[in-house]
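A.B. asks: This structure is in structure tokens; I'll ask about it shortly.
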Amino acid sequence: MRRLSLLMDLVGLQSSPTAPLYLLDAGCGKGWFSRELARFGHRVDGIDGSEAALENARQNGGGPRYHQSSLSGWRSPWLYDVVLCVDVLFHILDDGEWERSVRNLASLVRLGGRLVVADWDADHDEPMGNYQVLRGRNTYLPLLSALGMRLDGYHPYDFRRSVIGFYAFTRTS
Ligand SMILES: C[S@@+](CC[C@H](N)C(=O)[O-])C[C@H]1O[C@@H](n2cnc3c(N)ncnc32)[C@H](O)[C@@H]1O
């Protein structure tokens, strides 16, 4: 699947049983990406606001640890090598909650680690009906660069007519 192969490139294929990567799958839903990433030996925390989705994820087992939490509310005793947020942020309609979510996810990335978030590649923001808000570079970049994150690239999904892709940021300070 296209998104998984993009994620694998961004996460890096190297993993070692003695030094697995620590990953956070933020808004993991039923845990499909969490499970796939855990299969490569990574240690994956999956968080989601929906207990029903997490129940389904837990039934599928496979190694990830799941926790019910909002993106803005998740606290962790460790920092992550990579924080992923796949097809979640554009479902957060409230700009204040969106910003708290992005700030919190960025704060959980270790120095040199990555934040990978899915959104569109336009400059501006745009509501899609009353159920999504696509946010663009002019919203992500100022916020994340002020938090010590450097944009390393944008990777479009390139399937069907999707306008979505992954912004890949690295923590530099
Ligand atoms: C479209 S699904 C994507 C699930 C998964 N990342 C994937 O790509 O298969 C969006 C998920 O984000 C969760 N979600 C939306 N807003 C959230 C928030 N503020 N905090 C935590 N989870 C949230 C929903 O419960 C849902 O499971």
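A.B. asks: Which of Asp48, Asp25 has the fewest other C-beta atoms within 10 Å, and how do the rest follow up to the most? Don't skip to the answer; put the middle values down first.
C.D. replies: Numbers: Asp48 24, Asp25 31.
So the ranking, lowest neighbour count to highest, is Asp48, Asp25.
A.B. asks: How far is helix 95-107 tilted, in degrees, relative to the longest principal axis of the Cα atoms in the chain, given as a value from 0 to 90 rounded to the nearest 10?
C.D. replies: 40
A.B. asks: Mind listing which trypsin sites (Lys or Arg not before Pro) in the stretch 65-173 are in a DSSP loop and have 14 or fewer other Cβ atoms within 10 Å? Present the calculation step by step, with values, prior to reporting the outcome.
C.D. replies: Values: sites: Arg65, Arg75, Arg100, Arg103, Arg110, Arg114, Arg135, Arg137, Arg150, Arg160, Arg161, Arg171; in loops: Arg75, Arg135, Arg160, Arg161.
For trypsin sites (Lys or Arg not before Pro) across the stretch 65-173 that sit outside H, G, I, E and B with at most 14 neighbouring Cβ atoms in 10 Å, the list reads Arg75, Arg160, Arg161.
A.B. asks: Right, something else. Can you list the chymotrypsin sites (Phe, Trp or Tyr not before Pro) in the stretch 1-78 that are in a DSSP coil and have 14 or fewer other beta carbons within 10 angstrom?
C.D. replies: Numbers: sites: Tyr22, Trp32, Phe33, Phe40, Tyr66, Trp74, Trp78; in loops: Phe40, Trp74, Trp78.
Hits after loop and neighbour filter: Trp78.
A.B. asks: If you average the sequence gap of Cα pairs under 8 Å that are 6 or more apart and divide by the length of the stretch 2-171, what percent do you get for the contact order? Intermediate results must be reported in sequence, preceding the final value.
C.D. replies: Working: 341 pairs, mean separation 31.0, N = 170.
The value is 18 percent.
A.B. asks: Using Cα-Cα distances under 8 Å and only pairs 6 or more residues apart, what relative contact order does the stretch 21-119 have, in percent?
C.D. replies: Details: 196 pairs, mean separation 28.9, N = 99.
Normalised by residue count, the contact order of the stretch 21-119 is 29 percent.
A.B. asks: Which order results if Leu89, Leu105 are arranged by neighbouring Cβ count within 10 Å, fewest first?
C.D. replies: Values: Leu89 23, Leu105 27.
If I rank by nearby Cβ atoms, fewest first, I get Leu89, Leu105.
A.B. asks: In Å and whole numbers, how far do the C-alpha atoms of the chain stretch along each principal axis, longest first?
C.D. replies: 42, 36, 33
A.B. asks: To the nearest 10 degrees, how steep is helix 137-146 against the longest Cα principal axis of the chain, on a 0 to 90 scale?
C.D. replies: 60
A.B. asks: Sum up the charges of everything whose Cβ sits under 15 Å from the Cβ of Arg58, counting Lys and Arg as +1 and Asp and Glu as -1, but leave Arg58 out.
C.D. replies: Values: positive: Lys30, Arg35, Arg65; negative: Asp25, Asp45, Asp48, Glu51, Glu55.
Result for the local shell: -2.
A.B. asks: Between the DSSP loop rule and a limit of at most 14 other Cβ atoms within 10 Å, which chymotrypsin sites (Phe, Trp or Tyr not before Pro) in the stretch 105-169 are left?
C.D. replies: Tyr131, Phe159
A.B. asks: Using helices alone, I'd like the mean residue ellipticity at 222 nm for the chain: each DSSP H run of four-plus residues gives -39500 (n - 2.57), total over residue count, nearest 500.
C.D. replies: Mean residue ellipticity at 222 nm (helix-derived): -8500 deg cm²/dmol.
A.B. asks: Which percent of Cα-Cα pairs in the stretch 76-149 sits in each 5 Å bin, short to long?
C.D. replies: 3, 16, 26, 28, 16, 7, 3, 1
A.B. asks: To the nearest 10 degrees, how steeply does helix 2-11 sit against the main Cα axis of the chain, on a 0 to 90 scale?
C.D. replies: Compared with the principal axis, the helix lies near 70 degrees.
A.B. asks: Continuing with this model, one more query. Tell me the relative contact order for the stretch 61-158 as a rounded percent, counting alpha carbon contacts under 8 Å between residues six or more apart. Let's see the in-between values first.
C.D. replies: Working: 117 pairs, mean separation 25.8, N = 98.
Rounded, it is 26 percent for the stretch 61-158.
Values in this text are rule-based calculations from the coordinates and carry no lab data. Because the structure is a prediction, the values reported are computed rather than measured. Neighbour counts are summed over all protein chains in view; Cβ atoms, including those assigned to glycine, are modelled from backbone coordinates with ideal geometry.
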